[in-house]
Amino acid sequence: MSMFGKSRDLLAQLERERDDLAARLDAVQRQRATDLQLLDGLGEGLLAIDGNRHVVIANRRFRDLFGASDVIGRALSEVLRVSDVFEAFDRALEGSESTVQFSVRSGVAERKIEMRALPLPSSDSIAAVALFIDISTIERLEQIRRNFISDFSHEVRTPLAGLRSAVETLEANTGRLSPEDDQQLRRIMARQLGRLERLVDDLSELSRIESGDLTLDMRPTEMRKIVDDLVEDFADLAAQHRVRFVVEGGATVYADAHRLLQAFSNLIDNAIKYGGDDHIITISIREDGGAGVIRIRDEGEGIPRSEREKIFRRFYRIDKSRSQDIPGSGLGLAITKHLLLQQRGSIDVESEPGKGATFIVRLPKPVATPAGRSEASR
Ligand code: ADP
């Protein structure tokens, strides 16, 4: 073989080896990309450092949590200026695991982070790794749970106290009460029992709706029909309060008629309860673009601006209505809101305090699909 032939063979072999190496590198790169993708999919932030406290890996969640980009290769002290974090990594580099909590600002919000750092002695390039968990949500949920328990106990205590005092009066005066007093005490007991039952019913209804455990029978539904039925149902209560209804307009929406009736029933019940005696409740129904809109207006005390968002929270009642001794659990509007949200609707309130409140509900109109069925227009 000529010199020329030999060198050509060598060249070809070198080229093969080079291609082989490139393929291996590619495979390694690909594997690394998959590994990084896997890490990016983690719900927790992950940061790995080498023995010199330089960043080797930072997954997407870490970068999002701390608003950090381009951190690979940089010193830990440049990436995070939190002494707790340094100390936890120090301990990890010395061989022990540790957990710390600290707060960081992200925009206007403050986030509480839990960091778990551990040593990684078996790895060549990584000396320590840490997971960062945003525990703000857990803390918020814990706060909601505590509030719920205290609100619930508060709501239960009032009717329970009423029941206890009535029972004690009955016991202490057996055989000595006038028939009128006896009757009155029994009425009080029945009323307080009713309050407790309503509270439990409302609560279980709310938890069913909130858990999304609600099957909806969505179809084109005429709002006017529902309102006309309700006006009839409320005739007795309205007469007691000398309330007159004015109903106008109509619109077809895509909704569950039974659930809509439940939502409107709460709103009309409130308009009667909080609208004061001798007044008019105006219910107008219109179409507005892709939505059907119903406005339920009363002429009562109205709702101060600062309360307008709060009244949709569970158990929330404006103090004044408590003192007026209007029966209610404070759950009606929370239930109503969730019922409407699940039907892709919305609820708002407008009010000029002293002149009444208007609750405005919007629901999507139905549109016909090519298959001849209908669905929501939004
Ligand atoms: P409840 O009526 O059982 O107290 P809701 O959740 O239905 O509970 O209402 C929450 C609170 O919002 C009421 O306690 C009342 O203070 C206020 N509110 C609701 N509707 C009206 C209204 N139409 N006018 C004035 N205040 C209202």
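The values are calculated or read from the model by the stated rules, or taken from the named source; none is laboratory data. Only a predicted model underlies this, so the values are computations on that prediction, with no experimental measurement involved. Please note: Cβ atoms are built from the backbone with ideal geometry, for glycine as well, and neighbour counts cover all protein chains shown. Please note that ligands, DNA and RNA were not included when accessible areas were found on the heavy atoms of the full protein model with its side chains. Shrake-Rupley method; radii C 1.70, N 1.55, O 1.52, S 1.80 Å.
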Task: Checking TYR316 against (1) in a strand (DSSP E or B); (2) within 9 Å of the ligand (Cβ to nearest atom); (3) open to solvent by 10 Å² or more (accessible area, probe 1.4 Å), the condition it does not meet - done: (1)
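For the stretch 320-339, which positions are more than 8 Å from the ligand (Cβ to nearest atom) and of a type outside the set (Ser, Thr, Tyr)?
Kept after step one, since they are more than 8 Å from the ligand (Cβ to nearest atom), are these residues of the stretch 320-339: 323-325, 337-339.
The answer is GLN324, ASP325, LYS337, HIS338, LEU339.
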Task: Complete set of residues in the stretch 270-292 that are in contact with a helix residue (DSSP H, G or I) (Cβ under 7 Å, 6 or more places away or on another chain) and either more than 8 Å from the ligand (Cβ to nearest atom) or closer than 16 Å to GLY354 by Cβ (or both) - done: ILE272, TYR274, ILE281, ILE283, ILE285, GLY292
Task: Some residue of the stretch 353-373 being more than 14 Å from the ligand (Cβ to nearest atom), under 20 Å from LEU214 (Cα atoms), surrounded by fewer than 21 Cβ atoms within 10 Å (Cβ to Cβ) and of a type in the set (Ser, Thr, Tyr) - done: no
Task: Residue within the stretch 224-247 that is in contact (Cβ under 8 Å) with a residue 24 or more places away in the chain, assigned to a helix (DSSP H, G or I), more than 24 Å from ILE311 (Cβ to Cβ) and not basic (Lys, Arg) present - done: yes
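Does ARG295 satisfy the criteria of being away from the ligand (no atom under 14 Å from the Cβ) and in contact with a strand residue (DSSP E or B) (Cβ under 7 Å, 6 or more places away or on another chain)?
On the way: away from the ligand (no atom under 14 Å from the Cβ): no; in contact with a strand residue (DSSP E or B) (Cβ under 7 Å, 6 or more places away or on another chain): yes.
In short, no.
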Task: Residues of the stretch 319-348 satisfying the condition of being open to solvent by 20 Å² or more (accessible area, probe 1.4 Å), more than 13 Å from LYS273 (Cβ to Cβ) and assigned to a helix (DSSP H, G or I) - done: ASP319, SER323, LYS337, HIS338, LEU341, GLN342
Task: Matching entry among SER125, SER77 (being in a loop (DSSP other than H, G, I, E, B) and open to solvent by 40 Å² or more (accessible area, probe 1.4 Å)) - done: SER125
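Given the structure, is PRO304 farther than 21 Å from LEU363 by Cα and more than 8 Å from the ligand (Cβ to nearest atom)? I'd like the intermediate steps shown before the answer.
Values: farther than 21 Å from LEU363 by Cα: yes; more than 8 Å from the ligand (Cβ to nearest atom): yes.
Spelling it out, PRO304 is indeed farther than 21 Å from LEU363 by Cα and more than 8 Å from the ligand (Cβ to nearest atom).
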